[in-house]
Amino acid sequence: MREAQNARNNRAEIVKALSTGEALFLKACAACHTVGEGDKVGPDLAGVAQRRPRDWLIRFMMEPDVMIAGGDPVAVALDRRYKGVTMPNLSLSETDAADILTYLANREKLLAAQQEKARQANTHAAHVGHHIHTDGSVHEHAPEARRR
Ligand code: HEC
């Protein structure tokens, strides 16, 4: 019983984090970042949770200016790579940053699922093409089309 209750609470918390994270991302980040659609003003954030430790990400989201000024090597290298713009300090709370990470992870899962679907559709199309090629009637029609 207790476990079911916990699972339900966790689920509700995740859903809440997701919607807060999404709203924040769209409002405060989407002008400069995409998730899986390539670099914009700043880097594409797809896969960022695999590239960097969670602590680093939370800290960077909360105070990129402080980290760059403080000489954090990764932050400094990023700032050099994205010339002309430095990510602004958006006064995020730690909860804001964590909610955004939840949203990013979910977006990635959705993207991966879409890509897998597209891959399966392609495989299917290739199969169909193959069947047409081995179909006798298609071969009979082809020379006629060429004689035109
Ligand atoms: C005005 C543009 C701008 C806005 C708004 C912005 N960023 Fe950034 N962001 C950047 C730039 C540029 C970089 C690269 C580092 C630098 O030059 O400061 C960056 C880097 C990052 C990184 C590090 C990426 C990596 O590859 O390690 C993360 C994470 C990030 N931003 C998250 C966010 C989040 C979350 C928000 C919204 C709360 C946000 N950014 C809002 C421009 C922006």
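Here, each number is a calculation from the coordinates, and none is a lab measurement. Note that the structure is predicted; figures quoted are calculated from it, not measured. Cβ atoms come from the backbone with ideal geometry, glycine included; neighbour counts cover every protein chain shown.
In nm, what is the difference between 0.36 nm times the number of residues separating Ser19 and Lys83 and their Cα-Cα distance?
19.9 nm
A simple spin-label model places pseudo-atoms 7 Å from Cα toward Cβ; at Ala49 and Ala7 they are separated by 2.1 nm.
Taken about its Cα centre, region 2-107 carries a charge dipole of roughly 220 debye when the Cβ of each Lys and Arg holds +1 and the Cβ of each Asp and Glu holds -1. From largest to smallest, the equivalent ellipsoid semi-axes obtained for region 1-58 from the alpha-carbon gyration tensor read 29, 14, 9 Å.
Based on the convex hull around the alpha carbon atoms, region 62-103 presents an average projected area of 3.3 nm². The gain in end-to-end length when the Asp39 to Leu26 segment is fully stretched comes to 3.1 nm, 0.36 nm per residue minus the alpha carbon separation. For the listed peptides 27-34, 68-75, a ranking on the average number of other beta carbons within 10 Å per residue, highest first, reads 27-34, 68-75.
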